[in-house]
1. For segment 88-228, what does the alpha-carbon gyration tensor say about shape, rounded, prolate or oblate, given a ≥ b ≥ c as the root eigenvalues, a/c under 1.5 as rounded, and a/b over b/c as prolate?
2. So what are the ³J(HN,Hα) numbers for segment 122-130, from phi and the Karplus equation (6.51, -1.76, 1.60; θ = phi - 60°), rounded to whole Hz, Gly and Pro as x?
3. If amide hydrogens are placed 1.01 Å from N in the peptide plane, which non-local residues have theirs closer than 5 Å to the one on ILE145?
4. Around LEU164, under 15 Å between beta carbons, what's the net of Lys plus Arg minus Asp minus Glu among the other residues?
5. Around GLU112, with a cut-off of 9 angstrom between Cβ atoms, what is the net charge of the other residues, counting Lys and Arg +1 and Asp and Glu -1?
Amino acid sequence: MSGLFSWSSAPRVLIAGTLLALSLALLLVMPARAQSGAIVLDGQFDDWLGLPSVPDVQGDAQTNHSDLSAFYFTNNHDQDYLFFMAERWDAGSEGMELRLFIDTNNNGTYAEAADRLIELSYHPNQGGRTYVDLYDGQGAYIKQIAYQMNWGEPGKGRRVEWGLTFTDLGIAPYQTIRMQLVSNHGTQLSDSVGEVQWSPANALGYWLLGLLTIAGLGWLYYRRRGMA
Ligand SMILES: [Ca+2]
Ligand SMILES: [Ca+2]
């Protein structure tokens with residue numbers, strides 16, 4: 001029975017145990033993070049508190065109801081979804097027409113077939129009803145994302161939220177995309193928020209990151225063993 005355990009193997013057992021504990025901790029921590037920052041598309045906006053955003057100044061638009069104050073973006077770590085939120089300065093019953101240009105391959109043009117255009121129409125005076133359509137960068141219609149969804153503040157509203165899948169955008173986890181949100185007044189450009197670059201991760205992305213971390217720790221361990 002003496003072959004089963006010896007003092008010389010003790011450090012190895014310790015390191016392997018530590019690695020296992022770290023891996024388990026990582027797997028436990030990831031879903032916990034996902035729960036705390038989850039966005040729900042419900043026309044309520046507390047879930048956006050503290051999330052990344054691009055601010056925009058007041059008074060630079062053609063009309064008050066199309067004068068944007070901020071553009072928010074995030075992803076739920078346990079879902080295959082990307083989420084966006086637009087905010088204007090003035091609360092009003094007038095509708096808001098938005099376009100979000102997405103340069104999916106981050107090469108500086110929004111006009112390729114691989115790129116995307118999201119068109120959104122938000123109607124506070126209809127209970128916050130929201131319509132969202134998806135086009136490719138050359139203007140070809142892809143699909144309807146939302147029809148009469150209650151994704152905006154009703155009555156006199158300032159904010160609207162929307163979301164779509166990684167598949168809809170045709171991107172992979174951690175792919176860097178470039179985005180710009182604009183508002184329209186009729187068919188004319190009214191206001192635009194500064195461009196932003198972003199590398200969103202989905203559920204698969206976080207699992208891959210976890211696996212890579214574990215593989216990295218394992219590699220370090222075996223390298224150290226080899227050097228000893
Ligand atoms: Ca919400
Ligand atoms: Ca503005």
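What follows is calculated from the coordinates using simple rules that are stated; it is not laboratory data. Quick caveat: nothing in here was measured; it's all calculated off a predicted structure. Cβ: placed from backbone, ideal geometry, glycine included. Neighbour counts: every protein chain shown.
1. Verdict is prolate for segment 88-228.
2. In residue order, the calculated couplings are 10, 10, x, 6, 10, x, x, 4, 9 Hz.
3. VAL132, ASP133, LEU134
4. -4
5. Counting the neighbours of GLU112, the net charge comes to -3.
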